[in-house]
1. What does DSSP give for region 14-288 in terms of the percent of beta bridges that are antiparallel, rounded to the nearest 5?
2. What order do you get for 237-247, 182-192, 273-283 when each peptide is scored by the mean count of other beta carbon atoms within 10 Å, highest first?
3. When you count, for each residue, the other Cβ atoms within 10 Å and take the mean per peptide, how do 70-79, 163-172, 1-10 rank with the highest first?
4. Can you tally the net charge around Ile63? Count Lys and Arg as +1, Asp and Glu as -1, for every other residue whose Cβ sits under 13 Å from the Cβ of Ile63.
5. Can you give the local net charge around Ile83? Use residues other than it whose beta-carbon is closer than 11 angstrom to its beta-carbon, Lys and Arg +1, Asp and Glu -1.
6. Let me have the relative contact order for the chain, percent, based on Cα pairs under 8 Å that are six or more residues apart.
7. Pull out the extension gain between Asp69 and Ala107, defined as 0.36 nm times the separation in residues minus the alpha carbon to alpha carbon distance; nm, one decimal.
8. For the peptides 86-92, 284-290, 14-20, 38-44, what is the packing order when you average, over each peptide's residues, the other Cβ atoms within 10 Å and list the highest mean first?
Amino acid sequence: MKRDDSFQWHEPTIDSLALEKLKVAVIGGTNGLGRAIALQLASRGANVTVVGRNFKDSGVENINFVQADLSSMEVARQVAQQIAPETLDILLFTTGIFASTTKQMTAEGLERDLAVSYLNRLVMLKEIAPKLRHTVNSLGFKPRVFSMGYPGSGELGTIDDLNQENSYGAIKAHMNTVAGNEALVRVAAERYPHLNIYGLNPGIVRTNIRDNLLGENSWKSYIIEGIIGWFTKTPEQYAEKMVPLMVAKELEKRSGTFYNNKAQGILPSEGMTLNYAASYVEASEELLKSKGLAK
């Protein structure tokens, strides 16, 4: 990743933030980084709705839960209508898995990693974006959308085989989601000027995101995640760093930009031009259309 030195900001402490008037939806907020960010926001007073499969924080003040299987585009579309987008200040997408060593397909005919880690975001944003307000909030910013992935990593995906129908490889499949999420940020910044959208690259963090690849509770997962945990931030440390950035006034005129786990600006991947990003999103929309999932 290459730094974007044009971004400078004053970083407040997490304890100095008063977010009682903030309304946030965290898509994928029941595990890992999404959960850590949701908890951090709620602890500062924000009203947070988390969407996911298994809720662990029923006793936590300021957190509401919507249960959903986001491997389904139809469910994703329903959730987009359910979370009252017209009231939101921040929408955060964190849903993600790693592709399995053997190809997995959803009931809707989509490669599972592509569906869970990327396409549901495209579907939901298309539903939500027109309903987000066109004015600034009490903190002085327009509605903000954050999409977590690995932008700036140089991945451009396999644009002519997004659904891995010609050949399958776990890494290749996952890189399609990486490229898709970066492309979506670039395209959405142009498509929806009444909101601001940003891409987040957390790097490698010890979470359960690799369970689909390594096997949940397997010895491989135990060893690899243990090693990762020795050398990287915890989800809680990442959340403490990123929540101040998510509400920073300095982001307001930087829609379509990307940030690393140190809350520093990073540049888009070389080759992820606006034209290429538009072609990637168009190919994604054509895939959904071919499966009868576009609206």
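1. Numbers: 3 of 29 bridges.
So the antiparallel bridges in region 14-288 amount to around 10 percent.
2. 182-192, 237-247, 273-283
3. Packing order, densest peptide first, comes out as 70-79, 163-172, 1-10.
4. Details: positive: Lys23, Arg35, Arg44, Lys56; negative: Asp57, Glu61.
Once positives and negatives cancel, what remains is +2.
5. 0
6. After rounding, I find 22 percent.
7. That pair, Asp69 and Ala107, stretches by 12.5 nm at full extension.
8. Order by mean packing, descending: 38-44, 86-92, 284-290, 14-20.
No value in this document is a laboratory result; all are computed from the given coordinates. None of these values were measured; they are calculated from a predicted model. Cβ atoms come from the backbone with ideal geometry, glycine included; neighbour counts cover every protein chain shown.
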